[in-house]
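Only one structure is covered here, and it is reproduced in the block below.
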Amino acid sequence: MDKISHKFLQINGLNLHVAEIGSDSSPAVIFLHGFPEIWYTWRHQMIALATAGFRSIALDYRGYGLSDPPAEPEKASYDDFVNDIASILDSLSISKVFVIAKDFGVWVAYSFILLHQEKIAGIVTLGMAFTPPAAYKPRFALPEGFYVRRWQEPGRAEADFGRFDVKTVVRNIYILFSRSEIPIADENQEIMDLVEPMTPLPSWFTEEDLATYAALYEKSGFQTALQIPYRASKINLGSAEQVPIVKAPTMVIIGEEDYATKIPGVDEYVRSGEVKKYVPNLETVYVPNGSHFVHEQFPNHVSQLILGFLNRNK
């Protein structure tokens, strides 16, 4: 970890935090995190890839971790994140890059990729495959009480989270998202109530890890994180009429116990091969016993899967 360097880049009027390890002359890989994560979620993969001869770069999105918040977090958009990534790569003089993304970072990644296909050497996504508007059907409907629907309501998550300190909020979310069941609350229950106070952390997530996450969310708060991904609506992934095709080599890594696979229609979309209508050069890997945080749960295995993909396509 002490070999990972940290810098702040002046990007689109904000100081954005970037973590990096590896030679500037090596093939570049940029990591895009989800929620409740920050750059630190990729620590294992960053080191493994740098050791194998790649340049690993992970950022905190604006309003996350050590990066500056936008002036009006409630107006932050996916386009802001996408433009920041393009500007970071330009600032680092990177013309071709592998993109690795997880959770809602997959939406950010594909929005960036569709705008800059010439810059993309390959894509690895964790937990989610490319799902453009043309692929959406009623089967993807989110269940009532699902945490996403709850957190889309302005003020509801703020009130729920506000009953606890930041460390407890992050702890509860990690525990919830590590389970195989979809986090769904009853009508008179909030999402934080789904975790009993004495529930232990997952075995692969240490108190030190929790403290690192909590310290960064103490700084940033949750304002931007609730806007994106939960409340921002506009994202450039094509339309039902204009179906985008992703040409670059692609891999999706999915934990077989990831709760997201239980959302109606999601697993069928990938397993049936329907996703290949939009991503024809796709390889899918399922990790037995893998959770939503499969890259932290099985870091060596996931790092080797990614390295195999990168070496085949560099």
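Structure summary
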| item | result |
| --- | --- |
| Residue in segment 245-254 that is among the β-branched types (Val, Ile, Thr), touching a residue at least 40 places away in the same chain (Cβ under 8 Å) and assigned to a helix (DSSP H, G or I) present | no |
| Filter result for SER291 (surrounded by 20 or more Cβ atoms within 10 Å (Cβ to Cβ) and in a loop (DSSP other than H, G, I, E, B)) | yes |
| Filter result (surrounded by fewer than 21 Cβ atoms within 10 Å (Cβ to Cβ) and either touching a helix residue (DSSP H, G or I) at 6+ places or on another chain (Cβ under 6 Å) or under 21 Å from ARG43 (Cβ atoms) (or both)) within segment 248-259 | PRO249 |
| Matching residues, segment 214-233, being within 17 Å of ILE191 (Cβ to Cβ) and hydroxyl-bearing (Ser, Thr, Tyr) | TYR217, TYR230 |
| Cβ pairs under 7 Å, 6+ apart, first in segment 206-229 and farther than 20 Å from TRP42 by Cα, second surrounded by fewer than 18 Cβ atoms within 10 Å (Cβ to Cβ) and charged (D, E, K, R) | GLN227/GLU74 |
| Qualifying residue in segment 270-282 (condition: part of a strand (DSSP E or B), at pLDDT 95 or above, more than 15 Å from LYS102 (Cα to Cα) and touching a Ser or Thr at 6+ places or on another chain (Cβ under 7 Å)) | yes |
| Some residue of segment 189-198 being farther than 20 Å from SER291 by Cβ and among the aliphatic types (A, V, I, L, M) | yes |
| Check on PHE8, more than 23 Å from TYR110 (Cβ to Cβ), in a strand (DSSP E or B) and of a type in the set (Phe, Trp, Tyr) | yes |
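The values are calculated or read from the model by the stated rules, or taken from the named source; none is laboratory data. Keep in mind it's a predicted model, so treat the numbers as computed, not measured. Glycine gets a Cβ as well: all are built from the backbone with ideal geometry, and neighbour counts include every protein chain shown.
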